[in-house]
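Here's the structure we're looking at; comments come further down.
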Amino acid sequence: MRIIAGEWRGRRLASVGKGDPGAHLRPTTDRVRESLFNMLAGGRFGDPFEGAVVLDLFAGTGALGLEALSRGALSATFVENGRVGQRLIRENVKTLDCSDRASVIGADATRLPAGAPCSLVFLDPPYGKGLGARALEVARTQGWIGAEALIVWEESAPQVAPEGYAALEARRYGDTHVTVLRSR
C-alpha cells in the first residue's frame, strides 16, 4: 500500500498483506483508492480535501484518512477498535511524521465519544453487517458530522441515504461499492 497523490505521493504504508480477517481488516486496494480519490477530486464535489477535517470510521490501516491528509486536509481522526489496526495507523502516522495532524481513537465506531464537526467522513465498515448506518447515526448524534459534510461510504452493495443525508453518487469498483452522501 502506498499514498497515491499529494504531499506524500508514493510513500509506502504499513501493510497487512491480503488483510487480517480476525481483526476485520480489509484494506482498500491502491487501485480502488486511486479511483475513489480521483472521483472525489474530479470537481463535482469542489475540493473536498483542502482544509478538510476528516473522520475515518472503521479506519483499519488509516489509508483513506492519510490519503486525504496528503492531499491537503488539516487533520484526521481515525476510529478503529482493533489492536492490529490501531498499531498500523500509529505506525503509518509515525512513518509520515504527521502526529500533529492525526489522532487515533481506539473505540468501536458505533460507540463514539462526543467530537467536533468534520467536513469529510470515510466510512468503511465490515461488509454486510449493517454497521455503517449505525456508525453514521452515532457520529451525527455525537457531533462528528458537520453541516454539508461529504460522506464516502464503502460497502459490498450501494447504500440508501439515511434520513438527513442526500445521495450524490454511487460507483462500483469490483466488489466494492462507494456511495457518496452529503449531510443536510
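The values are calculated or read from the model by the stated rules, or taken from the named source; none is laboratory data. None of these values were measured; they are calculated from a predicted model. Note that each Cβ is placed from the backbone with ideal geometry, even for glycine, and that neighbours are counted across all protein chains shown.
A compact table of results
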item: Output for the range 137-169, where each listed residue is of a type in the set (A, V, I, L, M, F, W, C) and more than 13 Å from Ala114 (Cα to Cα); result: Ala147, Ala149, Leu150, Ile151, Val152, Trp153, Ala157, Val160, Ala161, Ala166, Ala167, Leu168
item: Residue match in the range 95-112 (condition: at positive phi and modelled with pLDDT of 95 or more); result: yes
item: Of residues in the range 102-127 being closer than 13 Å to Ile145 by Cα and not in a loop (DSSP other than H, G, I, E, B), the one nearest to the chain's Cα centre (by Cα); result: Phe122
item: Breaking point among (1) under 19 Å from Leu36 (Cβ atoms); (2) of a type in the set (Val, Ile, Thr); (3) modelled with pLDDT under 95, for Ile89; result: (3)
item: Criterion violated by Arg171 - all others in (1) part of a loop (DSSP other than H, G, I, E, B); (2) surrounded by fewer than 16 Cβ atoms within 10 Å (Cβ to Cβ); (3) on the phi < 0 side of the Ramachandran plot satisfied; result: (1)
item: Pairs where the first residue, in the range 164-184, is in contact (Cβ under 8 Å) with a residue 12 or more places away in the chain and among the small types (Gly, Ala, Ser) and the second is crowded, with 16+ Cβ neighbours inside 10 Å and in a loop (DSSP other than H, G, I, E, B), C-beta under 7 Å, 6+ apart; result: Ala167/Ala161
item: Those residues of the range 89-117 which are among the aliphatic types (A, V, I, L, M), buried (at least 16 other Cβ atoms within 10 Å of the Cβ) and touching a strand residue (DSSP E or B) at 6+ places or on another chain (Cβ under 8 Å), in sequence order; result: Ile89, Val93, Ala102, Val104, Ile105, Ala109, Leu112
item: Single unsatisfied condition, Ser99 versus (1) farther than 27 Å from Ala167 by Cβ; (2) assigned to a loop (DSSP other than H, G, I, E, B); (3) in contact (Cβ under 8 Å) with a residue 12 or more places away in the chain; result: (3)
item: Single residue of the range 9-47 satisfying the filter (within 21 Å of Ile151 (Cβ to Cβ) and surrounded by fewer than 12 Cβ atoms within 10 Å (Cβ to Cβ)) that is modelled with the lowest pLDDT; result: Gly43
item: Leading residue by the ranking (modelled with the lowest pLDDT) among those in the range 66-83 that are farther than 20 Å from Glu137 by Cα, of a type outside the set (Lys, Arg) and buried (at least 16 other Cβ atoms within 10 Å of the Cβ); result: Gly82
item: Test: residue in the range 53-71 that is basic (Lys, Arg), part of a loop (DSSP other than H, G, I, E, B) and under 18 Å from Asp97 (Cα atoms); result: yes
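Here's the yes/no breakdown for (1) β-branched (Val, Ile, Thr); (2) touching a Pro at 6+ places or on another chain (Cβ under 8 Å); (3) free of Cβ contacts under 8 Å to residues at least 60 places away in the same chain; (4) not in a helix (DSSP H, G or I):
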residue: Arg140; (1), (2), (3), (4): no, no, yes, no
residue: Gly146; (1), (2), (3), (4): no, yes, no, yes
residue: Val152; (1), (2), (3), (4): yes, no, no, yes
residue: Ala157; (1), (2), (3), (4): no, no, yes, yes
